[in-house]
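Student: Here it is, the structure, as structure tokens.
The values are calculated or read from the model by the stated rules, or taken from the named source; none is laboratory data. From a predicted model like this one, the values you see are computed outputs, not experimental measurements. Cβ: placed from backbone, ideal geometry, glycine included. Neighbour counts: every protein chain shown. When the accessible area is computed, the model is the full protein with side chains, heavy atoms only, and any ligands, DNA or RNA have been set aside. Shrake-Rupley method; radii C 1.70, N 1.55, O 1.52, S 1.80 Å.
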Amino acid sequence: MFSHYDRPRIAQLCEKAGLYVRALQHYTELPDIKRVIVNTHAIEPQSLVEFFGTLSREWALECMKDLLLVNLRGNLQIIVQVAKEYCEQLGVDACIKIFEQFKSYEGLYFFLGSYLSSSEDPDIHFKYIEAAAKTGQIKEVERVTRESNFYDPEKTKNFLMEAKLPDARPLINVCDRFGFVPDLTHYLYSNNMLRYIEGYVQKVNPGNAPLVVGQLLDDECPEDFIKGLILSVRSLLPVEPLVEECEKRNRLRLLTQFLEHLVSEGSQDVHVHNALGKIIIDSNNNPEHFLTTNPYYDSRVVGKYCEKRDPTLAVVAYRRGQCDEELINVTNKNSLFKLQARYVVERMDADLWEKVLNPENVYRRQLIDQVVSTALPESKSPEQVSAAVKAFMTADLPHELIELLEKIVLQNSAFSGNFNLQNLLILTAIKADPSRVMDYINRLDNFDGPAVGEVAVEAQLYEEAFAIFKKFNLNVQAVNVLLDNIQNIERAVEFAFRVEEDAVWSQVAKAQLREGLVSDAIESFIRADDMTQFLDVICAAEDANVYHDLVRYLLMVRQKAKEPKVDSELIYAYAKIDRLSEIEEFILMPNVANLQNVGDRLYDEALYEAAKIIFAFISNWAKLASTLVKLRQFQGAVDAARKANSSKTWKEVCFACVDAEEFRLAQMCGLNIIIQVDDLEEVSEYYQNRGCFNELISLMESGLGLERAHMGIFTELGVLYARYRPEKLMEHIKLFSTRLNIPKLIRACDEQQHWMELTYLYIQYDEFDNAATTIMNHSPEAWDHMQFKDVAVKVANVELYYKAVHFYLQEHPDLINDLLNVLALRVDHTRVVDIMRKAGHLHLVKPYMIAVQSNNVAAVNEALNGIYVEEEDYDRLRESIDLHDNFDQIGLAQKIEKHELLEMRRVAAYIYKKAGRWKQSIALSKKDNLYKDAMETASQSGDRELAEELLIYFIEKGKKECFASCLFVCYDLIRPDIALELAWMNNMIDFAFPYLLQFIREYTGKVDELVKDKIEAQNEVKAKEKEEKDVIAQQNMYAQLLPLALPAPPMPGMGSAPGMGGFVPPPPMGGMGMPPMPPYGMPPMSSF
């Protein structure tokens, strides 16, 4: 409320009075505030917190330090609350430094606890964990280390290890989440917290058990504890990392019991069996049995483990897993080529053979020697021998391979009659030494003739291949070699005559067909009785034009199969060799020919006589009509078209008849075409393009009488009349206007410049704008006054009205008023007047303007008024002015105020009066001695000065009678004192006396009315007062009739008169809001 006072003085008084909050609010110096603020026992905490919000950052921090210095325990809660409330203003780091300065971890814990959820600062999260740990809030430490993602894990881990909390769960959370499991294990084992190790492995994260076991081994933990720990987890424990940890420390045997337990439970985990195999190999407990019988271990892992211990065991492991590369490497390294050769032969893998027989392999010679001397002789499997031979072939060792095979196959060994080896020997010879192939073919019998023959063909040993196929009676393959490879058709024909097989003849026929020997091929196909290639034979015969041979072949094919293609081609062949009678006989017999396609094909190739037979037989009248047109048999074509009854057929026949000038037949066809709307225009164009105009018009006129005659026929006939017979056009339009396509006929009339007909069409189509435009543009032919009036009132474009006005003004001025009267309700009268004024023929449209003057248009009014002025017709001019006031009144008045006719000048004064220019009107009337007009103008003006000036004017001119008249005419404007003064001074009192009498009578009547009104008002007041007194008297009489009773206590504000029994009479009427009545008499004159 107050602001201008001594604040320090008031603050001291408040401090002495114990009002510390008020003192703090008034002190402005930091020492004073620090002295008062420590009295926290007498200050409400909330007020103190709010006071901190008014301090600057530096002062607030200083006050917080003083409060903690004075009473750390007592003021800690207030300081924490202040830090929470104003942490953004004070700064979180500054608040933390204050708590750390006084080592108040409890305050730090409470402060950071409120700020932790919104902070991502790692340092704040760490300080909160530190404060919680030092204040014994172990559960909170455990929660934050488990949930927070922002603290520094390394720093937190080191702190928790140094803090050595009784509960290791916070440290477990940190190490488990951030990968410090070995450090955790070392810490727990060193501090003898084995229970937490077991709990971590069993409940928290069994997946990290290998790391725990490895660290325990490094810490030399007793094996019994480690074994118990492993067995407590069992199947949850990941085996591979556990084995890796133990193997790095050479302590695999520690896992023997655990692994055997897993195997007994049916585990098929490869890592379990790998570890168990390594243990068995190290213990030399019959490892060969394990390596050959165990199906679950990884051969590569176990074999690699065995290489430095016993290479033969590594070979066993690699053989079991078919680890080719590893086995080759270990045998090469240890010179175990016999084992390697046996493995390669048994493996029968082409890629492996390729690798070991690679020329870059420095051990290839040793391996080949072992394969030839040991591995293959020991082998009893032909497949192994075959794989080895193929590998030798792939390795491009042909000479060694041939010698080996000859030794095995040709020297009475166990494989002498072996089917596969004989095949391989011949195949090897084909590839390595073709000169020996024919000898092997003659000496060997148990080989795959077809397959070897195909290989020989691929190797381009065609004679050897022919010998193989011939030896095995594969005649078709043999003849194919002669035809396809040796390419000797003569030998093939000779061979076919020798074996006399249909299949052989068929192959020969195909080859002859490919070589273009069509007749020979057909003869061979007939010998082979082969109809399978009839499509190719047909195509070849058609290309070679050997239809006589084709007929023989098709007759043979037709005896074996019922094919539509065969029957169709037979008919076509008959047609090509002009055997029409055989065609008729054939189609009458049962057949499956596609007669429609055959007929179309014959038609397309101009074999019309044969096509006519086919189309007549299948009743395809449309195609028959087309065929007859081609044969120029027009009458028959018309009959066929009538049966077909197709628009396309009718058109084709019709157009052909037109071209042949058979117009009678063409008309018969045309009448069936023009009833189709879509085809009418095409027929018309065809006739017109060939100059047959009269025939086309005759056709259309005949079409009018058809039952199915449509609008297109009538329209097209109208177009034709417009082009070629214009004398019939108007009659046609008037007769059939309802059945015409008017827009189309309009275009035709426009093109041919038939303006009268075009106008009529526009009117019929309700295109009145275009009709009016056409009439005006081509008036010599199209104009008719009555018609144009009917059109003009219906146009939609307003501009055409004015164009019509110009048109009539130029060509028919005598009828322009008639036109304008018709358009009176549609045109802009102002624009019409402007047009006529610019043309200089305004008098021409005077009747029109008189007719439309009732609209009170300014331009019309001014034009008529101008005409009246020119004609000096002042009566019509005054009438126009009175009835129509929308014109330039002042301009007209100025124009005629100097007119030589008095009536015209009088009209000017009248106009000035109507325009409110009273002085000009009066001056003009006075100038022409029109005093009556001047007095009436002054009276109507309502201007007292004008009236009095006119009065003075009459006095100056000595017009006493006019003076008396002016007093009565301007009675309401002239002041009595002025009138009497002027009359008295100019000796005209007698002329003013009638005015004076009238004035006195008027004012006497006004005074009488006022007196009468006053008396009536006083009588009404007296009557009301009497009525109120009667009401009071009646109330008093009713009170006297009541029984006696104790007086009622007086009401507040009301006194009791003695002897009245407490009754107080009502106040006089003057106290009820009625104003006091003035004394009776006339009101003062000033009130009037």
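Student: Over the stretch 703-801, with every protein chain in place, what whole percent of the accessible area is carbon and sulfur at 1.4 Å, could you tell me?
Tutor: 46
Student: If Rh is defined by the Kirkwood formula over all Cα pairs and Rg also comes from Cα, what ratio Rg/Rh do you get for the stretch 744-808? List each step's numbers first, then the result.
Tutor: Details: Rg = 10.9 Å, Rh = 11.5 Å.
That ratio equals 0.94.
Student: Related question: Could you order the peptides 671-677, 909-915, 531-537, 372-378 from most to least packed, using the average number of other C-beta atoms within 10 Å per residue?
Tutor: 909-915, 671-677, 531-537, 372-378
Student: Give me Rg over Rh for the stretch 1-142, both radii from the alpha carbons and Rh done the Kirkwood way, two decimal places.
Tutor: 1.05
Student: Hey, another quick one. Suppose the chain between Arg725 and Leu980 were pulled fully straight at 0.36 nm per residue; how much longer would it get relative to their current alpha carbon spacing?
Tutor: Additional length available on full extension: 81.6 nm.
Student: Give me the net charge of Ala923's neighbourhood, meaning all other residues with Cβ under 12 Å from the Cβ of Ala923; Lys, Arg count +1, Asp, Glu -1.
Tutor: Charge balance near Ala923 sits at +2.
Student: Sticking with this structure for a sec: Sort the chain into rounded, prolate or oblate with this rule: let a ≥ b ≥ c be the square roots of the eigenvalues of the Cα gyration tensor; rounded if a/c is under 1.5, and if a/c is not under 1.5, prolate when a/b is larger than b/c, oblate otherwise.
Tutor: oblate
Student: Taking the alpha-carbon distance from Lys560 and a cut-off under 18 Å, which aspartates and glutamates remain once sequence neighbours fewer than 8 residues away in the same chain are dropped?
Tutor: Asp502, Glu523, Asp529, Asp530, Asp536, Asp549, Glu569
Student: Efficiency by 1/(1 + (r/R0)^6): what FRET value for Tyr296 and Glu454, r their Cβ-Cβ distance, R0 = 51 Å, to the nearest 0.05?
Tutor: Once rounded, the FRET efficiency stands at 0.65.
Student: Sequence-distant or interchain residues sharing an amide H contact under 5 Å with Asn294, placed H: which?
Tutor: Hits under the 5 Å cutoff: none.
Student: Given a 1.4 Å probe, how much area per residue of the stretch 763-868 is accessible, in Å²?
Tutor: 46
Student: Turning to a different aspect of this structure: At R0 = 56 Å, how high is the FRET efficiency between Glu378 and Arg195 if r is their beta carbon distance? Nearest 0.05 is fine.
Tutor: It comes to 0.30.
Student: Continuing with the same structure: Please work out the Cα convex hull volume for the stretch 73-190 and give it in Å³ per residue.
Tutor: Cα convex hull per residue, to the nearest whole number: 96 Å³.
Student: Expected output is a single nm value to one decimal: the length gained when fully extending between Thr532 and Glu100, i.e. 0.36 nm times separation in residues minus the C-alpha distance. What is it?
Tutor: That works out to 144.8 nm of additional length.
Student: Here's something else I'd like to know. Would you list which aspartates and glutamates come within 16 Å of Lys103, measuring only between C-alpha atoms, while excluding same-chain residues fewer than 8 positions from it?
Tutor: Asp66, Asp93, Glu130
Student: Ignoring ligands, DNA and RNA, what percent of the accessible area of the stretch 939-1038 is carbon or sulfur (1.4 Å)?
Tutor: On the way: 3700 of 6910 Å².
Within the stretch 939-1038, the accessible surface is 54 percent carbon and sulfur.
Student: Based solely on C-alpha atoms, express the radius of gyration and the Dmax of the stretch 937-1020 in angstrom.
Tutor: So, for the stretch 937-1020, Rg and Dmax equal 16.1, 57 Å respectively.
Student: Can you give the FRET efficiency to the nearest 0.05 for Lys630 and Lys803, using r as the Cβ-Cβ distance and R₀ = 60 Å?
Tutor: 0.45
Student: I'd like to know how the stretch 728-887 sits against the 2.2 N^0.38 Å rule of thumb: what's its Cα Rg over that expected value?
Tutor: That ratio works out to 1.28.
Student: Quick one: Cα centre-to-centre distance for the stretch 466-483 and the stretch 971-1031, in angstrom?
Tutor: 161
Student: Which value, in Å² rounded to 10, gives the accessible area of Ser435 with a 1.4 Å probe and all protein chains present?
Tutor: Here the residue's solvent-accessible area equals roughly 100 Å².
Student: Hey, another quick one. Over the chain, what is the relative contact order in percent, taking alpha-carbon pairs closer than 8 angstrom and at least six residues apart?
Tutor: For the chain, the relative contact order is 2 percent.
Student: Further question on the same structure: What are the lysines whose alpha-carbon lies under 19 Å from the alpha-carbon of Lys803, with same-chain residues fewer than 8 places away excluded?
Tutor: List returned: Lys789, Lys794, Lys838.
Student: May I pose another question? What number results when the radius of gyration of the stretch 427-574, computed over Cα atoms, is divided by 2.2 N^0.38 Å?
Tutor: Numbers: Rg = 18.7 Å, N = 148, 2.2 N^0.38 = 14.7 Å.
Cα-based Rg divided by the globular estimate yields 1.27.
Student: For the ranges 108-114, 464-470, what's the packing order if you count other beta-carbon atoms within 10 Å of each residue, average per peptide, and put the highest first?
Tutor: Details: 108-114: 21.4, 464-470: 24.0.
Highest-to-lowest ranking by the protection proxy: 464-470, 108-114.
Student: Give the Debye-formula value of log10 I(q)/I(0) at each listed q (0.15, 0.19, 0.25 Å⁻¹), with one equal scatterer per alpha carbon of the stretch 503-586, two decimals each.
Tutor: Taken in order of the listed q values, log10 I(q)/I(0) reads -0.48, -0.75, -1.22.
Student: For the stretch 249-375, what is the number of Lys pairs with C-alpha distance below 20 angstrom, counting only pairs 8 or more positions apart or on separate chains?
Tutor: 7
Student: Of the listed pairs Lys157/Lys227; Lys927/Lys960; Lys895/Lys927; Lys97/Lys127, which have alpha-carbon separations greater than 22 Å here?
Tutor: Values: Lys157/Lys227 28 Å; Lys927/Lys960 18 Å; Lys895/Lys927 17 Å; Lys97/Lys127 11 Å.
Going by Cα-Cα distance, Lys157/Lys227 fall outside the 22 Å limit.
Student: Separate question: Tally up the carbon and sulfur contribution to the accessible surface of the stretch 827-900 as a whole percent, 1.4 Å probe, everything protein left in place.
Tutor: Carbon plus sulfur share of accessible area: 44 percent.
Student: Next question, about the same structure. Out of all Cα-Cα pairs in the stretch 498-549, roughly what percent, to the nearest whole number, are more than 17 Å apart?
Tutor: 24
Student: Let me ask something else about it. Translational D (Stokes-Einstein, µm²/s) of the stretch 207-311 at 4 °C and 1.567 mPa s when Rh comes from the Kirkwood sum over C-alpha pairs?
Tutor: Numbers: Rh = 14.1 Å.
Estimated via Stokes-Einstein, D reaches 92 µm²/s.
Student: Could you please state, rounded to a whole Å, how far the C-alpha centre of the stretch 316-353 is from the C-alpha centre of the stretch 593-621?
Tutor: 79
Student: If every alpha-carbon in the stretch 721-776 counts as one equal scatterer, what log10 I(q)/I(0) does Debye give at q = 0.22, 0.27 1/Å?
Tutor: The calculated log intensity ratios at q = 0.22, 0.27 Å⁻¹ are -0.76, -1.15.
Student: How many angstrom lie between the C-alpha centres of the stretch 803-878 and the stretch 489-539?
Tutor: Cα centroid to Cα centroid, the span is 110 Å.
Student: What number comes out for accessible area per residue over the stretch 626-704 if the probe is 1.4 Å? Units Å², please.
Tutor: Per-residue accessible area for the stretch 626-704 comes out at 46 Å².
Student: Regarding the stretch 853-975, what's the average projected area of the Cα-atom convex hull, expressed in nm²?
Tutor: Values: hull surface 30.3 nm².
Result: a mean projected hull area of 7.6 nm².
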